[in-house]
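FYI, it's all coordinate maths here, none of it is from the lab. Because the structure is a prediction, the values reported are computed rather than measured. Glycine also receives a Cβ, built like all others from the backbone with ideal geometry; neighbour counts cover every protein chain displayed.
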Amino acid sequence: MEATSLREKIQANAARGTLLPGQILATVEEVLSATQFVDMHTHLFSPALGKLGLWGIDELLTYHYLEAEFFRSSSMKPEQYWTLSKRAQADAIWQALFVENSPVSESTRGVIAVLQAFGLPTSGPDLEDARSFFRSQTIDSHIQNVFQMAGMKTAVMTNDPLDTEEGPMWMNGIRADSRFQPVLRLDRVLWGWSTHWQKLAAQGYDVSERADEKSLAEIRRFLSDWHKRMQPVYMAVSLPFTFQFPEQSTLSRLVSEAVLPACRELDLPLSLMIGVRRQVNPRIRLAGDAVGKANLQALENLCRDYPDNRFLVSVLSRENQHELCVYARKFANLMPFGCWWFLNNPSIVEEITRERIELLGTSFIPQHSDARVLEQVIYKWHNTRATMAPILANSYQLLLRDGGSISREDIRRDVERLFCGNFQQWIRRKGN
Ligand code: FIX
Ligand code: ZN
């Protein structure tokens, strides 16, 4: 009797496509590897933006994550390192972090994984094979190949209209490329208005250092013009851990009276990346930024007081992660995303992702790559899939234990929502 009912139950489950506990992990892994992700925040550039797009072994080795590690394992002083050519810097990093030490950190393993993915030597005294391989690639087909290896369909860029190299390229017109989506990055506009307002003035906007009513209207016009020119999928700013909102400051006024109204009018989300402690060690340049715990009441005020704005939010401090989830439960206009920068290590990604699933189900965006060098997406997305599989599988096992059921189609729907759908819904675009 017992055996019959168990057999019947298994048959009925099979007919509905319901998975047995022992099938879940393999199915999750299979769905994760079959789904093409949207990488919703990178520092990659479409080929039309020319030299801004970084790729190849020398760029991979001189990534600022590796530079920070290099200065811990080499006696070379930063001042001497900055005088070297890119190639000599890459050689020094290879020697210190890969030859003289085992590359066991997340960032060094990433380089090994990329070399391995292209069938290149992962050890050895020099980088000749790797250099000659990358020299032989043409960028367009290389991008195609890398995206396929990373299992991603789109990279969302970071585009700064006030960058002296990038701005003029957009002014002259950039050919759209469906693999790369632009983002209007506002750091220079929003921080240090006193040093940047003249750049807007130079583009023909009637702004002044006081950021008065006239200037605010002109900044809205600037955002609208750049929206036409760039067709961004969102506007973005990275904010220090000291960010407060509202407050008596130019930044606060620019956000409330220029950026938020423009986002509403243009129907764009605003991405806030909160928690940087800029340049704690300027000697090591881009590698010299650190992290600070933010007061997320600023986020509470934004989400509550601007219900018609949509916010994509990543916070850099591990200590802010739980609060971010709690705020997302309170405000449906808040979409947590990614495990940013110093958080993008398997142990921390695991903790944050479990917490998010427990508090938010599938209503968040688990990861972005933040890649600065094209081939990094291969290892970053490989690692995300590897960390994600047991976490998702465990959530389904718990569901089964509680009496629920799950099918391959359910898993496909959930993975699609997490890694594509939530973002596409937020930017109100379908299919890429
Ligand atoms: O502000 C940002 O978008 C940060 O991600 C970067 O500027 C940072 O330097 C980085 O590369 C982190 O991954
Ligand atoms: Zn970034």
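Full extension of the chain between Gln80 and Thr195 gives 38.4 nm of extra length, using 0.36 nm per residue less the Cα-Cα distance. From most to least packed by mean Cβ count within 10 Å, the peptides 278-289, 306-317 give 306-317, 278-289. Based on every Cα atom in the chain, Rg and the maximum pairwise Cα distance Dmax equal 23.2, 84 Å. Here the sum of -39500 (n - 2.57) over DSSP H runs of 4 or more residues, divided by the residues of the chain, equals -14000 deg cm²/dmol at 222 nm, to the nearest 500.
Our analysis of region 239-324 gives Rg over Rh at 1.01, with the two radii drawn from alpha carbon positions and Rh computed by the Kirkwood formula. Expressed to the nearest 5 percent, the antiparallel share of DSSP beta bridges inside the chain is 15 percent.
The reciprocal of the average 1/r between distinct C-alpha atoms defines the Kirkwood hydrodynamic radius, which for region 200-249 equals 12.8 Å. Peptide packing: for 396-402, 376-382, 211-217, the average count of neighbouring Cβ atoms within 10 Å per residue gives the ranking 376-382, 211-217, 396-402, highest mean first. For the pair Ala14 and Arg131, the difference between a 0.36 nm per residue extended length and the Cα-Cα distance amounts to 37.0 nm.
For region 82-124, the calculated P(r) over all alpha carbon pairs, in 5 Å bins from 0 to the bin holding the longest distance, is 5, 22, 27, 26, 14, 4, 1 percent. The fraction of all Cα pairs in region 311-392 landing in successive 10 Å bins from 0 to the largest distance is 18, 53, 26, 3, given as whole percents.
With the biggest extent put first, the Cα atoms of region 11-146 measure 69, 37, 27 Å across the principal axes. In vacuo Debye scattering of region 68-201, one point per C-alpha: log10 I(q)/I(0) at q = 0.12, 0.14 Å⁻¹? Those come out to -0.77, -0.97, one per q. Cα centroids of region 81-129 and region 333-400: 26 Å apart.
Please check which bits of region 251-265 a label hung off Ala217 would reach, taking the label as a point 7 Å along Cα-to-C-beta and the cut-off as backbone N under 15 Å. Of the residues in region 251-265, 258 have backbone N under 15 Å from the label point off Ala217. For the chain, lysine pairs separated by 8 or more sequence positions, or belonging to different chains, with Cα-Cα distances below 26 Å total 17.
Amide H to amide H distances under 5 Å link Ser317 with Ala294, where only residues 5 or more positions off or on other chains count and H is placed in the peptide plane. Note that region 340-432 shows a convex hull volume over its alpha carbon atoms of 115 Å³ per residue.
Residues Phe419, Phe98, ranked from the fewest to the most other C-beta atoms within 10 Å, line up as Phe98, Phe419.
Overall shape: prolate for region 310-356, with the ratio a/c of the largest to smallest alpha carbon gyration tensor axis at 1.5 or above and a/b above b/c.
Within region 191-346, what percent of beta bridges assigned by DSSP are antiparallel, to the nearest 5? If we restrict to bridges inside region 191-346, about 10 percent are antiparallel. Packing order of peptides 243-256, 33-46, highest average first: 33-46, 243-256 (average count of other Cβ atoms within 10 Å over each peptide's residues).
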